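S.K.: Shown below is the structure under consideration.
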Amino acid sequence: LFSSAASSSTLTHGDIASTHGDADGVVEVNPPRGTRDFPPEDMRLRTWLFDQFREVSRLMAFEEVDFPVLESEALFIRKAGEEITQQLYNFEDKGGRRVVLRPEITPSLARLVIKQGKSVSLPLKWFTIGQCWRYERMTRGRRREHYQWNMDIFGVPKAEAELLHAIVLLFQRLGITSSDVGIRVSSRKVLQAVLNMYSIPDHLFTQVCVIVDKLGKMTREEIEKELVSTGLSSEAVQGIIDVLSIKSLSKLEEVLGSDVEAVADLKKLFSFAEQYGYADWICFDASVVRGLAYYTGIVFEAFDREGKLRAICGGGRYDRLLSTFGSEDIPACGFGFGDAVIVELLKEKGLLPDMSRQIDDIVFPLDEELEGPASSIASSLRKKGRSVELVEDKRLKWVFKHAERINASRLILVGNSEWERGMVRVKVLSTREEFEVKTSELE
Ligand SMILES: CC(=O)Nc1cnc2ccccc2c1
């Protein structure tokens with residue numbers, strides 16, 4: 001393309017559009033289906049949200065890690081029928097390798113922990129904010145990508161209370177209260193205990209979890225049908241549904257007995273919640289199982305108490321994930337917090353922060369031969385840490401309007417008469433006060 005065009009006088013739109021554009025020559029300006037651009041205003045909101053994620057990670061003394069968005073497909077092949085593994089954004093690369101755009105972060109975390117092996121001392125407290133992908137038939141018009149904040153703890157058999165604290169701290173930073181949002185907490189060991197009561201074989205456990213996670217999204221009949229199709233007896237199905245509708249720990253204790261691990265774990269967690277001071281944020285709800293196959297213990301998800309939105313975040317314990325990758329197991333727990341539902345919630349609650357631009361100084365030469373001096377003023381102010389916009393070949397009227405639009409604190413006008421006296425004119429936009437100052441004393 002460029003070689004042919006370069007031979008002619010200049011590269012024209014036609015040369016490029018004919019290769020990249022469609023009939024009328026304009027290239028498709030929208031991003032691929034199900035994906036988003038982040039123009040400045042949207043990017044300011046995203047940066048603000050991610051800064052809250054980072055600050056909470058710092059408060060919790062977690063270390064930041066990162067991974068490629070591209071991963072081996074093998075990391076996500078699981079047989080439990082999860083929606084997330086049935087919508088892999090997968091393909092074969094030019095080297096014939098089966099790869100995916102990752103649908104979640106946890107398997108990458110596990111891979112790095114295994115790779116780091118002996119060279120890292122436990123416990124590990126790692127966080128990352130990363131884009132995740134799914135290839136969903138656009139019939140449902142849902143997004144194919146989102147960003148997730150992940151917080152994970154490796155090497156601590158009981159650390160879920162720390163994760164819940166991180167989630168509560170995040171909500172509090174955003175101005176969300178425990179009357180806006182709750183966190184449903186349960187344990188997969190509840191379901192384990194029920195399956196044992198009906199002597200259902202262990203290999204059905206993850207499948208049953210994935211199915212009952214759809215409680216509330218599918219009708220009870222559909223769930224019962226799916227459970228029966230995995231080979232469960234109808235009284236086992238009934239027993240599962242009955243236990244999963246329990247909403248109090250004391251009721252659970254009555255049904256399962258107090259020597260069941262699930263009950264002991266949960267009672268301990270709820271007493272820790274009192275000590276952390278977030279007890280009014282959490283509630284026991286046996287129907288919480290979460291839809292990922294690898295959870296083995298405590299699971300939780302945050303929800304809006306008005307019940308208008310999907311889960312805001314969710315997570316749990318996954319003590320057996322590393323052995324599914326052929327490595328020694330290490331106790332682990334973590335959560336994922338998406339960038340979509342939380343923004344919907346903030347909009348609902350009128351909690352979106354002011355996202356307008358803000359810069360410190362606009363520097364404007366009042367005529368052409370002062371462009372040099374204006375650049376030196378801008379340079380010295382930037383060295384002092386001021387954000388400076390250097391404006392040129394505009395009319396003064398435009399500059400005043402522009403200063404208002406981008407919320408500049410000051411307007412620095414470089415004019416001939418002042419410059420000859422080693423001065424510049426400063427206009428403080430908030431107070432309208434205007435004064436001259438020695439160039440050398442400007443800061
Ligand atoms: C509300 C939303 O955007 N959800 C979403 C969007 N993209 C995803 C991509 C991968 C996995 C989960 C995803 C979830």
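Values in this text are rule-based calculations from the coordinates and carry no lab data. Everything numeric here is computed off the predicted structure, so don't read it as measured data. Don't worry about glycine lacking a Cβ; one is built from the backbone with ideal geometry, like all the others, and counts go over all protein chains shown.
S.K.: List, in the order given, every pair from 308/349; 115/189; 189/268; 214/267; 397/427 whose Cα-Cα distance in the structure shown is over 18 Å.
M.R.: Result: 115/189; 214/267 exceed 18 Å.
S.K.: If you take the charge dipole of the stretch 346-443 about its Cα centre, with +1 on Lys and Arg Cβ and -1 on Asp and Glu Cβ, which of 356, 417, 370 is farthest toward its positive end?
M.R.: Checked the options; the winner is 356.
S.K.: Continuing with this model, one more query. Only Lys, Arg, Asp and Glu count, each charged at its Cβ (+1, +1, -1, -1), so figure out the dipole size of the chain about its Cα centre, rounded to 20 debye.
M.R.: The calculation lands at about 320 debye.
S.K.: Going by how many other Cβ atoms sit within 10 Å of their own, how do 180, 42 line up, fewest first?
M.R.: Starting with the residue having the fewest Cβ neighbours, the order is 42, 180.
S.K.: Okay, moving on. In deg cm²/dmol, rounded to 500, what helix-only [θ] at 222 nm does the chain give when every DSSP H run of at least 4 residues adds -39500 (n - 2.57) and the total is split over its residues?
M.R.: Counting only the DSSP helices, I get -11000 deg cm²/dmol.
S.K.: Tell me, what does the Kirkwood hydrodynamic radius of the stretch 113-162 come to in angstroms if you use every pair of distinct C-alpha atoms? Intermediate values should be presented prior to the final figure.
M.R.: Details: mean 1/r = 0.0729 Å⁻¹.
Result for the stretch 113-162 stands at 13.7 Å.
S.K.: Using the count of nearby Cβ atoms within 10 Å as a rough guide to exposure, how do 140, 78 rank from fewest to most?
M.R.: The fewest-first ordering by Cβ neighbours comes to 140, 78.
S.K.: Assuming R0 = 51 Å, what is the FRET efficiency of residue 275 and residue 407, from their Cβ-Cβ distance, to the nearest 0.05? If you can, show how the numbers build up before the last one.
M.R.: Working: r = 44 Å, r/R0 = 0.86.
For R0 = 51 Å, the calculated efficiency reads 0.70.
S.K.: Give the residues of the stretch 67-108 whose amide nitrogen is closer than 12 Å to a point set 7 Å from the Cα of residue 218 in the direction of its Cβ.
M.R.: Answer for the stretch 67-108: 81-83.
S.K.: So how compact is the stretch 217-357: Cα radius of gyration and Dmax in angstrom?
M.R.: Here Rg and the maximum Cα pair distance are 18.2, 62 Å.
S.K.: Compute the projected area of the convex hull of the Cα atoms of the stretch 178-228, averaged over all viewing directions, and report it in nm² to one decimal place.
M.R.: On the way: hull surface 18.0 nm².
Projected over every direction and averaged, the Cα hull of the stretch 178-228 covers 4.5 nm².
S.K.: What are the semi-axes of the equivalent ellipsoid for the chain, taken as the square roots of 5 times the Cα gyration tensor eigenvalues, largest first, in whole Å?
M.R.: 54, 29, 20
S.K.: Shifting gears a bit: Pull out a ≥ b ≥ c, the square roots of the eigenvalues of the alpha-carbon gyration tensor of the stretch 290-382, then state rounded if a/c is under 1.5, prolate if not and a/b is larger than b/c, and oblate in the remaining case.
M.R.: Since a/c reaches 1.5 but b/c is at least a/b, the shape of the stretch 290-382 is classed as oblate.
S.K.: Restricting to DSSP loop positions (anything but H, G, I, E, B) with no more than 16 other Cβ atoms inside 10 Å of their own Cβ, which GluC sites (Glu not before Pro) remain in the stretch 387-440?
M.R.: The qualifying sites are 392, 433.
S.K.: Projecting each Cα onto the charge dipole of the chain (Lys/Arg +1, Asp/Glu -1 at the beta carbon, about the Cα centre), which of 89, 57, 212 comes out farthest on the positive side?
M.R.: 212
S.K.: I'd like the orientation of helix 220-229 relative to the chain: the angle between its Cα long axis and the longest Cα principal axis, in ° from 0 to 90, rounded to 10.
M.R.: With rounding to tens, the tilt is 60 degrees.
S.K.: Apply 1/(1 + (r/R0)^6) to the Cβ-Cβ distance of residue 434 and residue 384, taking R0 = 25 Å, and write down the FRET efficiency to the nearest 0.05.
M.R.: Calculated value: 0.75.
S.K.: A follow-up question, please. Rounded if a/c is under 1.5, else prolate if a/b beats b/c, else oblate: with a ≥ b ≥ c from the C-alpha gyration tensor eigenvalues square-rooted, which is the stretch 101-208?
M.R.: On the way: a/c = 1.18, a/b = 1.10, b/c = 1.07.
Here the stretch 101-208 falls in the rounded category.
S.K.: How would you rank 299, 210, 27, 343, going from fewest to most other Cβ atoms within 10 Å of each one's own Cβ?
M.R.: Sorted ascending by nearby Cβ count, the order is 27, 343, 210, 299.
S.K.: Which value in nm describes the separation of the simple spin-label points at residue 61 and residue 310, placed 7 Å from the Cα toward the beta carbon?
M.R.: 3.6 nm
S.K.: Grab the beta carbon distance between residue 420 and residue 20, set R0 = 41 Å, and tell me the FRET efficiency rounded to 0.05.
M.R.: Computed FRET efficiency for residue 420 and residue 20 comes out at 0.20.
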